[in-house]
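The values are calculated or read from the model by the stated rules, or taken from the named source; none is laboratory data. Source: prediction; values computed, not measured. Please note: Cβ atoms are built from the backbone with ideal geometry, for glycine as well, and neighbour counts cover all protein chains shown.
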Amino acid sequence: MVVIGVVMGTTFTMAQPGRGYRDMNPEEIAKQQTERLKEVLDLNEDQEKQVYELNLKINNKRREMFANMRGSGNREGMREKFAQIREEENEKMKKILTQEQWDKYQKYLEERRARWNQRRQDRRP
């Protein structure tokens, strides 16, 4: 009995090292994203504020769209809507950042996509 409790507790702790975006509200996500971008792009205070506001707006929009489309079975329509949101986000982000920061941001996004794709492939049987 004692061994089972210890093993289960350890597994639970290891399985939940942090909160995922699905467990966070849009404000928490925007704050986390902005902190990461502040670090990666060396944002000034004004840029940090603008990036947070953009992240919050985009995250609210994504959350709402996901809730409205959940269960609809229209994955392609969902992809298109999320692609539109990404385009909007990129247009506004480009106006906030300097050219050097924009270049770093594009590289950051590419690296993030590569890590995400790698995790997806690692999970496949």
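Brief remarks follow.
- Filter result for residue 78 (part of a helix (DSSP H, G or I) and at pLDDT below 90): yes
- Residues in the range 62-105 that are under 21 Å from residue 46 (Cβ atoms) and not hydroxyl-bearing (Ser, Thr, Tyr): 16 in all.
- Number of residues in the range 50-93 that are of a type in the set (Lys, Arg) and over 18 Å from the mean Cα position of the chain (by Cα) equals 2.
- Residue match in the range 79-87 (condition: surrounded by 10 or more Cβ atoms within 10 Å (Cβ to Cβ), aromatic (Phe, Trp, Tyr) and touching a residue at least 12 places away in the same chain (Cβ under 8 Å)): yes
- Extreme residue, nearest to residue 103 (Cα to Cα), among residues of the range 36-58 that are touching a residue at least 60 places away in the same chain (Cβ under 8 Å) and in contact with a Lys or Arg (Cβ under 7 Å, 6 or more places away or on another chain): 41
- Number of the exception - residue 43 against (1) surrounded by 15 or more Cβ atoms within 10 Å (Cβ to Cβ); (2) part of a helix (DSSP H, G or I): (2)
- Residue within the range 83-92 that is hydrophobic (A, V, I, L, M, F, W, C), modelled with pLDDT of 90 or more and within 22 Å of residue 39 (Cβ to Cβ) present: no
- Residue-level check: of (1) at pLDDT below 95; (2) under 11 Å from the mean Cα position of the chain (by Cα), residue 36 misses just (1).
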